[in-house]
Amino acid sequence: LTLLSQQFSQTESWFHRSAGLQSGSAPHSQLFPPAEGVMLPPESFKNRVVFITGGGTGLGRAMATVLSQLGAQCVIASRKLDVLQQTAEDICSRTGNKVHALQCDVRDPQAVSHCVDQMTSLTGLPDVIINNAAGNFICPSERLSPNAWKSITDIVLNGTAFVTLELGKRLIQDQRGASFLAITTIYAESGSGFVAPSASAKAGVEALYKSLAAEWGRYGHRFNIIQPGPIKTKGAFSRLDPTGKFEKGMIDRIPTGRLGTPAELANLAAYLSSDYASWISGAVMRFDGGEYVSMAGEFNDLRRVTPDQWKMMEAMIRSTKGS
Ligand SMILES: CCCCC/C=C\C/C=C\C/C=C\C=C\C(=O)SCCNC(=O)CCNC(=O)[C@H](O)C(C)(C)COP(=O)(O)OP(=O)(O)OC[C@H]1O[C@@H](n2cnc3c(N)ncnc32)[C@H](O)[C@@H]1OP(=O)(O)O
Ligand SMILES: NC(=O)C1=CN([C@@H]2O[C@H](COP(=O)(O)OP(=O)(O)OC[C@H]3O[C@@H](n4cnc5c(N)ncnc54)[C@H](OP(=O)(O)O)[C@@H]3O)[C@@H](O)[C@H]2O)C=CC1
């Protein structure tokens, strides 16, 4: 079984195989195929403990899978214990490495402290912490109740802060270094209508991580941020594009012509959390197929202009004399 798991971890995983060309992708996305397989050398995370919030589903599950394939002992934590246990079992049966499931509502600092106590008994303190848990839904801001605002900002900003502070303090006490990674979003930088609580909270997370990168380097702690663009997960798309009507428009504005894949995100997260990235701290890595700059550039809609239309426009411009 161990041999089989090792062979498996060195080749490709179940979810990598499913990461082919997605329906709705532009033809030129063939030029940007999502790479299959695990990027880092096998056993890059051997003897390492990785703690991932929201690790039972979507991108958290993908990151746990890759890190487990690379030899890590993973601890995944969120509210739904049954979901976590199923994921832990699935990953462990495929990689042969232990995955622990712990119930934890990150909004509750006491629950976070209890979860860290449990993890300490199971695995000891982690070497890698990935703050991935989040809540979000689209809603016009004038329809938001105070509790709607609070439900998102409590998970995203307070939850990340409670987890980071609890683990940070204990690691400092034990004189242990660690890599902290936060998963934010491209609109943490720009802000975005219709997801104002998420945008505000994610921007807060980025400020927290940049602050701690400066403050806690002296304790051996690195802090980095990944800002993903759209990656199809049930959690995100069911709450942000419930009718499925916006997906095509979204793909049209991504220069690489497709959505990201969980496997691609997981490889980047593994790299940033690994020793290969030990000089990277305070970094914000945009991971969006070019969507952010594509939405920002004033003239980017000119992509729709045909060669004939360019000929005509150039003639008009050249014929202009004076101002
Ligand atoms: C142009 C179109 C673009 C399409 C985009 C498509 C794809 C995505 C592209 C990019 C994505 C970028 C960023 C993504 C960021 C993410 O974070 S995605 C991850 C999303 N995953 C989750 O949200 C998982 C966890 N979520 C939840 O558990 C719940 O959704 C919730 C966050 C609501 C928390 O659950 P719970 O604590 O049980 O809360 P309640 O149900 O009790 O609700 C609390 C209050 O919030 C109000 N509320 C709930 N839903 C809505 C809603 N849809 N609209 C308005 N208000 C809502 C609820 O009424 C409660 O308030 P009151 O007590 O009633 O006042
Ligand atoms: N998919 C995308 O396109 C993008 C995603 N992101 C970010 O990626 C991350 C993962 O999102 P994704 O995988 O798509 O969506 P999911 O909904 O699958 O992931 C969110 C996870 O957070 C957990 N969670 C929610 N509330 C709490 C809580 N109070 N305490 C502990 N855990 C909680 C959920 O588990 P449970 O319900 O068991 O608590 C769930 O596993 C998020 O940070 C999201 O903001 C950013 C940009 C784009």
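Please treat every number below as a calculation from the coordinates, not as lab data. Here the structure is a predicted model, which means the values were calculated and not measured. Using ideal geometry, Cβ is built from the backbone for each residue, glycine included, and neighbour counts are taken over all protein chains shown.
Points worth noting:
- Residues (within 16 Å of ligand 1 (Cβ to nearest atom), outside any loop (DSSP other than H, G, I, E, B) and more than 20 Å from residue 227 (Cα to Cα)) located in the range 38-81: 76, 77, 78, 81
- Residue 237 surrounded by 12 or more Cβ atoms within 10 Å (Cβ to Cβ), free of Cβ contacts under 8 Å to residues at least 12 places away in the same chain and either in contact with an Asp or Glu (Cβ under 6 Å, 6 or more places away or on another chain) or closer than 19 Å to residue 183 by Cα (or both): yes
Every residue, every condition in (1) of a type outside the set (Ser, Thr, Tyr); (2) at positive phi; (3) in contact with a Gly (Cβ under 7 Å, 6 or more places away or on another chain), yes or no:
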| residue | (1), (2), (3) |
| --- | --- |
| 132 | yes, no, yes |
| 160 | no, no, no |
| 166 | yes, no, no |
| 169 | yes, no, no |
| 179 | no, no, no |
| 187 | no, no, no |
| 193 | yes, no, no |
| 201 | yes, no, no |
| 215 | yes, no, no |
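- Residues of the range 266-291 classified as closer than 19 Å to residue 217 by Cβ and of a type in the set (Gly, Ala, Ser), total: 7
- Residue count, the range 276-292 (criterion: within 17 Å of residue 184 (Cβ to Cβ) and part of a helix (DSSP H, G or I)): 2
- For the range 245-272, the set of residues classified as within 11 Å of ligand 1 (Cβ to nearest atom), in contact (Cβ under 8 Å) with a residue 60 or more places away in the chain and of a type in the set (Lys, Arg) consists of 248 only.
- Residue 278 satisfies every condition listed in (1) touching a residue at least 12 places away in the same chain (Cβ under 8 Å); (2) in contact with a helix residue (DSSP H, G or I) (Cβ under 6 Å, 6 or more places away or on another chain); (3) among the polar types (S, T, N, Q); (4) surrounded by fewer than 18 Cβ atoms within 10 Å (Cβ to Cβ) except (2).
- Restricting the range 97-141 to residues that are surrounded by fewer than 15 Cβ atoms within 10 Å (Cβ to Cβ) and closer than 27 Å to residue 233 by Cα, the residue that is farthest from ligand 2 (Cβ to nearest atom) is 140.
- In the range 281-323, residue nearest to the chain's Cα centre (by Cα) [restricted to those that are more than 12 Å from residue 255 (Cα to Cα) and of a type in the set (Ser, Thr, Tyr)]: 281
- Helices (runs of 4 or more DSSP H) contained entirely in the range 160-258, each with at least 2 residues that are under 30 Å from residue 30 (Cβ atoms) and more than 14 Å from ligand 2 (Cβ to nearest atom): 247-252
- Total residues in the range 82-99, condition over 17 Å from residue 58 (Cα atoms) and either outside any helix (DSSP H, G or I) or within 16 Å of ligand 1 (Cβ to nearest atom) (or both): 3
- Residue 310 satisfies every condition listed in (1) hydrophobic (A, V, I, L, M, F, W, C); (2) touching a Gly at 6+ places or on another chain (Cβ under 9 Å); (3) not in a loop (DSSP other than H, G, I, E, B) except (2).
- Checking each residue in the range 142-159 for being more than 16 Å from ligand 2 (Cβ to nearest atom) and either crowded, with 23+ Cβ neighbours inside 10 Å or among the small types (Gly, Ala, Ser) (or both) picks out only 145.
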